[in-house]
Amino acid sequence: MQDIREIVMQSTDITPFQKRVYLALLDIPSGTTTTYGELARRIGCHSAQAVGQALKRNPFAPDVPCHRVIAADGSLGGYNGKRKGEHIERKRRLLEEEKKDNLLF
């Protein structure tokens, strides 16, 4: 079975920019977060919004953990292109589960 990094690398259904965003996101450890702006800087991009748009289209979620990206003000930001409702609650649960799992080890 291929690991998710290989699947992303070989995908022809995403743009080269999306590929850069998703591969950089795989380097964010479980239970931690980064901001859209920081992820943009990591890949040499000047637009947090462009990163957000790539994450909105993430076909590999949650294996490519876009839920680990939050707004610069510390709020959860968006998830699946939504800023409230069940999508944000799912993002909150995923982050809480990861943090809890990391405390167990």
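Quick note: the coordinates plus some simple rules give every number you see, no bench work behind them. Quantities reported herein were computed from a predicted structural model and do not represent experimental measurements. Neighbour counts are summed over all protein chains in view; Cβ atoms, including those assigned to glycine, are modelled from backbone coordinates with ideal geometry.
Mind putting a number on the dipole of the chain about its Cα centre? Charges go on the C-beta only, +1 for Lys and Arg and -1 for Asp and Glu, and I need it in Debye to the nearest 20.
Taking the Cα centre of the chain as origin, the dipole is about 380 debye.
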What's the percent breakdown of Cα-Cα distances in the chain across 5 Å bins, shortest bin first?
2, 13, 24, 25, 20, 11, 4, 1
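How would you order 9-18, 45-54 from highest to lowest mean count of nearby Cβ atoms within 10 Å? Mind dumping the intermediate values first?
Values: 9-18: 11.6, 45-54: 17.3.
Ranking, from highest mean packing down: 45-54, 9-18.
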